Amino acid sequence: MKIIELSEVQFKNYSKLHSARNYFQTVEYANLKKEYNHFYLGFFNESDNTLMAATLLLEKKIGPLKIGYVPGSFLVDYDNDTLFKDFINTLKTYLKKQKYVYLTSDNLITYKIFNKNGEVLYFDTNLVKILDELSFVRLKKKSNLKVVLETEKTPDETFNLFNHNTKRNIKLSLERAISIFKDESNNPDLLLNLTNNFNADKIKEFISSFNNENKAEIYFAKLDPEKYINNIRFLLKKEEEKNDKLNDIMQNINIIKTDEFINTKMNSDKLITRYNNEIIRATNIYTKYPEGVIIGAILIIKNNREIYFLDEGRNKEFDNLYSSHLLKWEIIKKYLNEGYKIFNLGSIKEMDNKDPNYNFKMGFGGKVYETIGTYDLVIDKILYPLVKVLNKISDFFKKIKKSEKKSKTKKFKKK
């Protein structure tokens with residue numbers, strides 16, 4: 001068996017069907033990283049002309065030496081220990097001849113899976129041991145956690161997996177006349193207008209690169225103020241009719257008023273007050289935005305049968321309309337009907353019920369996946385410490401140049 005360089009077509013055909021596929025290990029991602037040279041490498045079995053593993057490799061030069069970066073994960077069967085060891089050892093030999101000192105890999109392979117109660121459903125200790133045996137050095141001690149909804153169920157069955165708060169917020173968002181639509185032009189400007197957290201050029205390059213089989217798409221949440229007013233008026237009318245009946249009962253001395261009944265009456269009174277206040281608010285919104293207003297947006301990537309939720313922006317003025325819940329639900333529903341089974345809701349810092357981000361993402365019925373994290377595959381043990389330091393210095397000066405360039409751009413725009 002040997003390492004060979006693959007063509008773009010060969011790598012694309014292999015990567016889109018592999019069980020370890022991810023959008024980082026794609027031709028689109030390689031084209032996005034223009035600052036690196038990139039190569040597609042395959043682990044080839046000459047005896048039966050079979051490709052046993054593959055990887056996208058990004059290359060960076062430090063003088064006459066090289067370091068490599070494997071985004072995502074190697075495309076190899078991680079459950080086959082012998083194959084994995086043979087692949088890594090053969091790759092090390094190949095890269096050493098090419099003057100590589102080390103290779104950094106994200107390793108997005110699942111290490112543990114937790115349910116909503118924090119109970120361990122899956123735990124792979126074997127892979128970490130093998131990485132240690134193969135001269136891998138772990139870079140980040142902190143866990144890499146993400147929330148993933150994986151389901152074979154129908155949209156209705158999947159909706160039932162959501163927790164009470166998520167279901168309620170989706171319902172409230174629909175009642176408030178929020179609609180979800182895809183931007184067919186994929187123009188990121190509206191998304192960028194909703195947040196200052198993104199690098200505009202980076203987002204535009206991302207959308208430009210992911211425009212084929214692995215496609216980036218932007219979805220928007222739009223509020224229709226006129227419909228919002230009419231919907232709340234309808235809800236108010238229904239609640240007033242209900243409240244009138246409750247009043248009749250309250251005034252009937254022959255009917256015993258239980259605590260449950262009194263609570264129902266009090267809640268109905270509160271709802272009427274809330275709806276009246278909402279009509280005032282909706283009327284003000286209509287005055288300001290008679291044609292409607294975009295209140296949220298999200299960027300996703302479709303990679304084979306997986307959806308990745310990426311950058312999201314929102315108009316904070318309308319946070320209590322829960323457009324983010326509705327955005328994700330409508331996207332999940334749409335792609336479930338198209339055969340997608342995995343919905344990656346993104347990273348979390350920790351599994352803590354006090355963390356709003358954790359609670360929000362877990363509300364969609366997913367599980368917490370812990371990946372094994374970033375490792376360096378040491379190829380040249382002698383040069384590794386020195387080149388590691390040189391690379392940090394190189395990155396430091398690049399950051400300074402970028403910040404100087406940004407500040408100059410801002411000054412120019414002000415002028």
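None of the figures in this text is laboratory data; all of them are computed from the coordinates on show. Please read these numbers as outputs of a predicted model, since none were measured by experiment. As a convention, Cβ positions derive from the backbone with ideal geometry for all residues, glycine included, and neighbour counts pool all protein chains shown.
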In nm, to one decimal, how far is the T82 label point from the E175 one, both placed 7 Å along Cα→Cβ?
6.2 nm
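Restricting to DSSP loop positions (anything but H, G, I, E, B) with no more than 10 other Cβ atoms inside 10 Å of their own Cβ, which trypsin sites (Lys or Arg not before Pro) remain in region 224-310?
Working: sites: K227, R233, K237, K238, K242, K245, K257, K265, K270, R274, R281, K288, K302, R305; in loops: K257, R305.
Loop-located and lightly packed - none at all.
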In terms of Cα to Cα distance under 30 Å, which lysines are near enough to K245, apart from those fewer than 8 places away along the same chain?
K167, K171, K227, K237, K257, K265, K270
If the viscosity is 1.567 mPa s and the temperature 4 °C, what Stokes-Einstein diffusion coefficient in µm²/s follows for region 6-71 when Rh is the Kirkwood radius over Cα pairs?
103 µm²/s
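Go ahead and estimate [θ] at 222 nm for the chain from helices alone: -39,500 (n - 2.57) per DSSP H run with n ≥ 4, summed, over the residue count, rounded to 500.
Numbers: 13 runs with 181 residues, N = 415.
That calculation yields -14000 deg cm²/dmol at 222 nm.
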Between I113, I280, I67, where does the largest GNM mean-square fluctuation fall for the chain, given springs only between Cα atoms within less than 10 Å?
I280
Test item: Cα-centred dipole of region 226-288, Lys/Arg +1 and Asp/Glu -1 on Cβ, debye:
300 debye
Tell me, Kirkwood radius of region 1-155 from alpha-carbon pair distances, in Å?
17.0 Å
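Taking 0.36 nm per residue of sequence separation and subtracting the Cα-Cα distance, how much length would be gained by fully extending the chain between E260 and R281, in nm to one decimal? Don't skip to the answer; put the middle values down first.
Values: separation 21, 0.36 × 21 = 7.56 nm, distance 3.12 nm.
Computed gain between E260 and R281 is 4.4 nm.
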Translational diffusion coefficient (Stokes-Einstein; Kirkwood radius from C-alpha pairs) of region 226-288 at 37 °C, 0.692 mPa s, in µm²/s:
255 µm²/s
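To the nearest 20 Debye, how big is the dipole of region 22-160 about its Cα centre, given +1 on the beta carbon of each Lys and Arg and -1 on that of each Asp and Glu? Walk me through the numbers before you get to the answer.
Numbers: 19 positive and 18 negative charges, 228 e Å.
Using Cβ point charges on Lys, Arg, Asp and Glu, region 22-160 gives about 1100 debye.
Grab the alpha carbons of region 265-341, take their convex hull, and tell me the volume per residue in Å³.
Values: hull volume 10.1 nm³, N = 77.
Output value, Cα hull per residue: 132 Å³.
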Which stretch or stretches of region 200-242 have amide N atoms under 11 Å from the point lying 7 Å from L190's Cα along the Cα→Cβ direction?
218-223
Using amide H atoms built in the peptide plane, which far-off residues or other-chain residues are under 5 Å from L194 H to H?
none
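What is the Rg over Rh value, at two decimals, for region 94-150, using alpha-carbon atoms and the Kirkwood definition of Rh?
Numbers: Rg = 15.0 Å, Rh = 13.9 Å.
Result: Rg/Rh = 1.08.
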Take the Cα gyration tensor of the chain, multiply each eigenvalue by 5, square-root it, and list the three semi-axes largest first, rounded to whole angstrom.
50, 26, 19
